[in-house]
Amino acid sequence: MIEVTDLRRVYGGGFEAVRGIDFSVRRGEVFALLGTNGAGKTSTVELLEGLAAPAGGRVRVLGHDPYTERAAIRPRTGVMLQEGGFPSELTVAETARMWAGCVSGARPPAEVLAMVGLENKADTRVKQLSGGQRRRLDLALALLGDPEVLFLDEPSTGLDAEGRRDTWELVSALRDGGTTVLLTTHYLEEAENLADRLAIMHEGRIAATGTPAEVTAAQPSRISFELPTGYFVGDLPPLDELGVGGHEIDGRMVRLRTHELQRAATGLLMWAGQAGVELRRLDVRSASLEEAFLGIAKEASAGTAEGTTTKEYAA
């Protein structure tokens, strides 16, 4: 549904915001594009939406060039920008009806307002909506044309926890119905919950790509605990035999890093049982997507001088 090959974008003054990236998005898939501010996410999405021509490389959406063949793909795509510009004096229903007049084969406006939970705000003027409600209206308008491909740029920004969960459920339902979704988000929990696959951008390049589980699994799990009174790290079983790849000590607290969480945790607990001691403040957890994101960004920064290489994770 989306194919990107060596895509580049250069702004005035020669600043290269997108530096030769490659990825593809399959039919009926949610693909998340992640990255810190300035990583190039929005610059990339604007090229996919046909809002600008690339400086180099190739992009195809539904088999067409989104910039030169915009008329062929626009009726089949939906776009939710970071910020929508609505006439403030129109009501929510009037705004949806106005937008429906610009969309081929539009759904009934009342239907899309109900999908995003704005049916009770139909007669409210846009200027009276909260920031979160305006984001819901943005999403409703993106859905009016029943798109095959849906671009969502920071869809849950400004939403409260309930609104964010409602949006996640709607996006999941759209995916299950066959809609292909490409989203950018700063909420890593959102990507972890929604994305079938993701790419992490850093300074205009893709630093890592794979499923959330694959990207997360590449980072070490952690075990932390307080050393029992009278014991020292040297009294623990040999850490390499537990599959521990590194450790830190902060006072009496010990933090272990491992890619073999079950082996390390089992060995540590067996030792504690045999020694008859309690491991207080024990915390055992797999790496989160946030930890993977920060680790990959750090690695990418360190490798920038040599040229960052994309890490592809596969089961």
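The values are calculated or read from the model by the stated rules, or taken from the named source; none is laboratory data. Owing to the predicted nature of the structure, the values given are computational and were not obtained by experimental measurement. In this analysis, Cβ positions are derived from the backbone assuming ideal geometry, glycine residues included, and neighbour counts consider all displayed protein chains. The accessibility values were calculated without ligands, DNA or RNA, using every heavy atom of the protein model including side chains. Shrake-Rupley method; radii C 1.70, N 1.55, O 1.52, S 1.80 Å.
At-a-glance table
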item: Highest-MSF residue in the chain out of Val112, Val277, Val103 [GNM, Cα springs under 10 Å]; result: Val277
item: Under the Karplus curve 6.51 cos²θ - 1.76 cosθ + 1.60, θ = phi - 60°, whole-Hz ³J(HN,Hα) for the stretch 13-25, x wherever Gly or Pro sits; result: x, x, 6, 9, 7, 10, 10, x, 10, 9, 6, 9, 10
item: Mean Cβ neighbour count within 10 Å, used as a protection proxy, ranking 200-213, 26-39, 239-252 highest first; result: 200-213, 26-39, 239-252
item: Rounded Å value of the spacing that divides the Cα centres of the stretch 254-300 and the stretch 1-75; result: 39
item: Proximal aspartates and glutamates relative to Lys298, as straight alpha-carbon distance under 15 Å, when same-chain residues fewer than 8 apart are discounted; result: Glu203, Glu290, Glu306
item: Counted charge near Thr266, where neighbours are those whose Cβ lies closer than 14 Å (Asp, Glu -1; Lys, Arg +1); result: -1
item: Within the stretch 186-206: backbone nitrogen closer than 18 Å to the Glu290 label point (7 Å, Cα to C-beta); result: 186-195
item: Spin-label pair Ala52/Asp250, simplified geometry with 7 Å Cα→Cβ offset, distance in nm; result: 4.1
item: Protein accessible area in the chain, 1.4 Å probe - carbon and sulfur %; result: 48
item: Residue-averaged 222 nm ellipticity for the chain, from DSSP H runs of 4+ at -39500 (n - 2.57), nearest 500; result: -9500 deg cm²/dmol
item: Residues of type aspartates and glutamates that Lys127 reaches as a straight line, Cα spacing below 12 Å, ignoring anything fewer than 8 places off in the same chain; result: Glu89
item: Residues of the stretch 81-98 with amide N under 19 Å of a point placed 7 Å along Cα→Cβ from Gln128; result: 86-98
item: Label selected from (1) 49, 40, 39; (2) 85, 55, 42; (3) 75, 47, 34, the criterion being Cα extents along the principal axes in Å as computed here; result: (3)
item: Distance in nm between pseudo-label sites at Asp22 and Ala173 (7 Å out along the Cβ direction from Cα); result: 3.9
item: D_trans [Stokes-Einstein, Kirkwood Rh over alpha-carbon pairs] for the stretch 1-158, 37 °C, 0.692 mPa s, µm² s⁻¹; result: 197
item: Per-peptide average of other Cβ atoms within 10 Å, ordering 144-150, 285-291 highest first; result: 144-150, 285-291
item: Average accessible surface area per residue within the stretch 58-173, 1.4 Å rolling probe, Å²; result: 48
item: Proximal charge balance of Glu226 [Cβ under 15 Å; K/R count +1, D/E count -1]; result: 0
item: Accessible surface, per residue, of the stretch 212-268 when the full set of protein chains is kept, probe 1.4 Å, Å²; result: 51
item: Dipole moment magnitude, nearest 20 debye, the stretch 30-108 about Cα centre, only Lys, Arg, Asp, Glu C-beta charged; result: 320
item: Per-peptide average of other Cβ atoms within 10 Å, ordering 167-174, 81-88, 136-143 highest first; result: 136-143, 167-174, 81-88
